[in-house]
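Have a look at the structure below, then the notes.
The values are calculated or read from the model by the stated rules, or taken from the named source; none is laboratory data. Note that the structure is a prediction, hence the values are computed from the model and not measured. Here Cβ is always computed from backbone atoms with ideal geometry, including for glycine, and neighbour counts include all displayed protein chains. Note: accessible area is taken over every heavy atom of the protein model, side chains too, but ligands, DNA and RNA are not part of it. Shrake-Rupley method; radii C 1.70, N 1.55, O 1.52, S 1.80 Å.
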Amino acid sequence: MSPVIEICRVDDLQPGERKLVEWDDLEIGVFNCGGELLAIEDRCSHDDGDLVAGEFDAEGCTVECPRHGSRFDLHTGKPLTLPAYVPIDTFPVSVEDGVIKMEVD
């Protein structure tokens with residue numbers, strides 16, 4: 001069974017906000033898309049860009065790499081535009097007793 005870590009209280013990550021989480025050697029971006037919580041690996045598959053620092057479209061649930069402009073679907077981790085063509089990892093997110101939790105592997 002994969003470890004589950006606590007991120008923050010759900011009230012601390014409002015719709016349209018994002019948060020960088022570090023666990024072991026992973027950096028993970030947690031995004032609030034209009035109340036839907038999604039988590040992705042914080043690394044562009046094209047050139048290791050920091051995705052949490054990129055443009056976040058909360059309506060479309062996408063994030064754009066600040067280095068070369070690849071957009072990623074936060075639901076699937078799939079790149080929507082070039083130059084990236086390899087998907088990034090996604091992580092299951094849940095809320096228990098008002099606390100955002102994430103399963104990491």
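The accessible area of residue 6, taken with all protein chains in place and a 1.4 Å probe, comes to roughly 130 Å².
Computed over the chain with a Gaussian network model linking Cα atoms closer than 10 Å, the most mobile of 64, 17, 41 is 17.
Give the relative contact order (percent, whole number) for the range 51-105; include only Cα pairs under 8 Å separated by 6+ residues.
So the answer I get is 18 percent.
Here the chain exposes an accessible surface that is 44 percent carbon and sulfur, computed with a 1.4 Å probe and the other protein chains kept in place. For residue 88, neighbours were defined as the other residues whose beta-carbon sits under 11 Å from its Cβ, and their charges (Lys and Arg +1, Asp and Glu -1) total -3. Look at (1) 1.26; (2) 1.00; (3) 1.11: the one that is Cα Rg over 2.2 N^0.38 Å derived from this structure is (2). Take the chain with all the other protein chains still there, run a 1.4 Å probe, and you get 55 Å² of accessible area per residue.
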